[in-house]
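Before any comments, here is the structure.
The values are calculated or read from the model by the stated rules, or taken from the named source; none is laboratory data. Everything quoted here is computed from the prediction, not taken from an experiment. Quick reminder, even Gly has a Cβ in these numbers, built from the backbone with ideal geometry, and neighbours come from all protein chains shown.
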Amino acid sequence: MTENRFPEENLKRNAALLSVASNSSLVVLKLVVGYLTGAVSIISEAAHSAVDLLASFIAFYAVKKSDLPPDEDHAYGHGKFENLSGAVEALLIIVAAVWIVYEALDKFYAQSMPELLEYGIGIMLISIGMNYWVSGRLMAVARRTESHALEADALHLRADIWTSAGVLIGLLIIKVTGLYWLDPLIAMLIAIIVFKAGYNMTKKSVHELTDIALPPEEEAIISEIVNGHEEVISFHRLRTRRSGSYRLIDMHLILYKDMHLDKAHAVCDQLEKEIEARLGLCDVVIHIEPCDYHDGFGSCPLPQEKE
């Protein structure tokens, strides 16, 4: 497996810390304003941000743990910690959605009018601006480092942008019209959005934790690279999966039976470099077989230079 890339490791940790700092401030601000105004939609947003904060801590731990090199107990590295963190974060999001529904129903039957709505409007504007900037930063780092944990964290914050925008619009309407029942209704809509995000993240995390194969387009790239080498007769038993930022790939490669060992080794090295150049961080394992090992070929074809 490729050695740790220290600049990217620091980039991931700094991005995770940025998320922790922004979510911490938003949770405090939303809770204070939520209880001042009595608006359940704002308190629901505080709960959403609290889940994001916990998710940020989990993401920070995951990226720190996943960057550790392979050891005696983890021969394939620690990348699965990122996939596991994504699953935990997704479950937390679903729990938050259920709690928001409970609070919204309670507020709906209470039939009370929120107060000091201008404070709520102000905190929603701050939340939208902060989450837009932080989520963009997290997603950029996630794409560069292929970090599942940071990607999950960025998606949390992007969902928060939409829910904050919904709360903002609702508060403006309540302030103008006095329709207090819009407050719990907006909270219910937030719960639906949050639950959908949690469901999608759970599905993706479960797929990667159960070693689902790489997407067909990525396996097609691997086939294209291998078949593009004239030294390669064929290949089979291609197996792929993900572990955090790494793609784990292994295959059986059929080469000319008279090829020297140093030449066969060079071919494998070149394939590994080309696959990593196209797909990113990879751990490629290649098992070499001579062409006459398989009955289906008849007589072994000659290398092109001997034809």
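Can you tell me which residue in the range 198-212 is modelled with the lowest pLDDT, limited to those that are in a helix (DSSP H, G or I) and polar (S, T, N, Q)?
Per the criteria, the residue is Ser205.
Looking only at the range 25-49, how many residues end up being surrounded by fewer than 20 Cβ atoms within 10 Å (Cβ to Cβ) and touching a Leu at 6+ places or on another chain (Cβ under 9 Å)?
2
Could you check how many residues of the range 203-214 are crowded, with 18+ Cβ neighbours inside 10 Å and not small (Gly, Ala, Ser)?
Counting residues in the range 203-214 that are crowded, with 18+ Cβ neighbours inside 10 Å and not small (Gly, Ala, Ser) gives 3.
Taking His207, is it of a type outside the set (Gly, Ala, Ser) and in contact (Cβ under 8 Å) with a residue 24 or more places away in the chain?
In short, no.
Check the range 183-196 and report whether any residue there is of a type in the set (Phe, Trp, Tyr), closer than 26 Å to Ser127 by Cα and either touching a Phe, Trp or Tyr at 6+ places or on another chain (Cβ under 9 Å) or not in a strand (DSSP E or B) (or both).
Yes; the residues of the range 183-196 include at least one that is of a type in the set (Phe, Trp, Tyr), closer than 26 Å to Ser127 by Cα and either touching a Phe, Trp or Tyr at 6+ places or on another chain (Cβ under 9 Å) or not in a strand (DSSP E or B) (or both).
Just checking, how many residues over the range 213-267 are within 27 Å of the chain's Cα centre (by Cα) and outside any helix (DSSP H, G or I)?
Residues in the range 213-267 being within 27 Å of the chain's Cα centre (by Cα) and outside any helix (DSSP H, G or I): 17 in total.
For Ile192, are the conditions met, namely being at pLDDT 80 or above, surrounded by fewer than 15 Cβ atoms within 10 Å (Cβ to Cβ) and not hydroxyl-bearing (Ser, Thr, Tyr)?
Judged against the criteria, Ile192 is a match.
Given Ser223, Ser234, Ser245, Ser164, which one is outside the structural domain of Glu115 (by TED's automatic domain parsing), small (Gly, Ala, Ser) and modelled with pLDDT under 85?
The match here is Ser245.
Please enumerate the residues belonging to the range 122-144 that are of a type in the set (S, T, N, Q) and crowded, with 24+ Cβ neighbours inside 10 Å.
Selection gives Ser127, Asn131.
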